[in-house]
1. Spot the failing condition for E35; the list is (1) part of a loop (DSSP other than H, G, I, E, B); (2) modelled with pLDDT of 95 or more; (3) of a type in the set (D, E), and only one is missed.
2. Please count how many residues of the stretch 38-54 are outside any loop (DSSP other than H, G, I, E, B) and more than 17 Å from I15 (Cα to Cα).
3. Looking at V138, is it among the aliphatic types (A, V, I, L, M) and more than 13 Å from H26 (Cβ to Cβ)?
4. Considering every residue within the stretch 2-11, establish whether at least one is under 14 Å from the mean Cα position of the chain (by Cα) and either of a type outside the set (F, W, Y) or modelled with pLDDT of 95 or more (or both).
5. Has the stretch 62-73 got at least one residue that is touching a strand residue (DSSP E or B) at 6+ places or on another chain (Cβ under 7 Å), surrounded by fewer than 16 Cβ atoms within 10 Å (Cβ to Cβ) and modelled with pLDDT of 95 or more?
6. Give, as residue ranges, the helices (runs of 4 or more DSSP H) completely inside the stretch 63-171 that count at least 3 residues that are among the aromatic types (F, W, Y).
7. If you take the residues of the stretch 74-121 that are of a type in the set (S, T, N, Q) and out of contact with any Phe, Trp or Tyr (no Cβ under 9 Å at 6 or more places or on another chain), which of them is surrounded by the most Cβ atoms within 10 Å (Cβ to Cβ)?
8. Between A88, A46, which is over 30 Å from E167 (Cα atoms) and either under 12 Å from the mean Cα position of the chain (by Cα) or not polar (S, T, N, Q) (or both)?
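The values are calculated or read from the model by the stated rules, or taken from the named source; none is laboratory data. Quantities reported herein were computed from a predicted structural model and do not represent experimental measurements. We place every Cβ from the backbone using ideal geometry, glycine too, and count neighbours over all the protein chains shown.
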Amino acid sequence: MRQRKARRINRAFYIGRFQPYHIGHHTILGNIADEVDEIIVGIGSAQRSHEPENPFTAGERVVMVSRSLKDLDIDYYVIPIEDIQRNAVWVSHVLSMTPHFEIVYTNNPLVFRLFEEAGVPVKRSQMHQREVYSGTIVRKKMLSGEEWEHLVPDAVAETIDKIGGVERIREIARDDIV
């Protein structure tokens, strides 16, 4: 009886804060999904929440990303990764928190450099309309009462609505001066 050779899984790693996950992220991950068999999505700064620049918890971001990725037809893992404030050992920290991967996709110069120095193949991911799709823009629109839902996948808008995310952003952005 002939033994089948096991198929090598080509697994990529992509990290972001996803505050919130938006169409730009989704487009990048869709492009990555065309090149690999599986994706690991790292939820960066997982310990940060309830701040104007980081309003959502790691768990909320896991839900946003996981529900959005269902339509990409790829196996994926969404893993919260806390900051450790020591760049020299950060790649080891990421590797200890994730399944093995063969390549990293990023546009962050520091992330690129750290993985490159660690000997992990790194590829720049094509940005998607950065001037339109950014977490900062989405949060500012939420804060000002402008339309923002078209900037995120439906699953993200539904999650933010369910958790009262817009109200949270408005509350935490207020100062304590009366």
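1. Result: E35 fails condition (2) only.
2. Of the residues in the stretch 38-54, the ones outside any loop (DSSP other than H, G, I, E, B) are 38-43, 51, 54.
Narrowing the set further to residues that are more than 17 Å from I15 (Cα to Cα) leaves 51.
Summing the residues that are outside any loop (DSSP other than H, G, I, E, B) and more than 17 Å from I15 (Cα to Cα) in the stretch 38-54 gives 1.
3. no
4. So in the stretch 2-11, the residues under 14 Å from the mean Cα position of the chain (by Cα) come out as none.
No, every residue in the stretch 2-11 fails to be under 14 Å from the mean Cα position of the chain (by Cα) and either of a type outside the set (F, W, Y) or modelled with pLDDT of 95 or more (or both).
5. Going residue by residue through the stretch 62-73, those that are touching a strand residue (DSSP E or B) at 6+ places or on another chain (Cβ under 7 Å) are 62, 65-66, 69.
Add one more test, that the residue is surrounded by fewer than 16 Cβ atoms within 10 Å (Cβ to Cβ), and what stays is none.
No, because not a single residue in the stretch 62-73 is touching a strand residue (DSSP E or B) at 6+ places or on another chain (Cβ under 7 Å), surrounded by fewer than 16 Cβ atoms within 10 Å (Cβ to Cβ) and modelled with pLDDT of 95 or more.
6. Working: elements: 87-97, 109-117, 135-144, 154-163.
By residue number, no helices (runs of 4 or more DSSP H) qualify.
7. The first filter runs over the stretch 74-121 and keeps only residues of a type in the set (S, T, N, Q), leaving 85, 87, 92, 96, 98, 106-108.
In the following step, the residues that additionally are out of contact with any Phe, Trp or Tyr (no Cβ under 9 Å at 6 or more places or on another chain) were identified as 85, 87, 92, 96, 107-108.
On the way: Q85: 7, N87: 12, S92: 13, S96: 9, N107: 13, N108: 15.
Among residues in the stretch 74-121 that are of a type in the set (S, T, N, Q) and out of contact with any Phe, Trp or Tyr (no Cβ under 9 Å at 6 or more places or on another chain), the one surrounded by the most Cβ atoms within 10 Å (Cβ to Cβ) is N108.
8. Details: A46 fails: over 30 Å from E167 (Cα atoms).
Only one candidate qualifies: A88.
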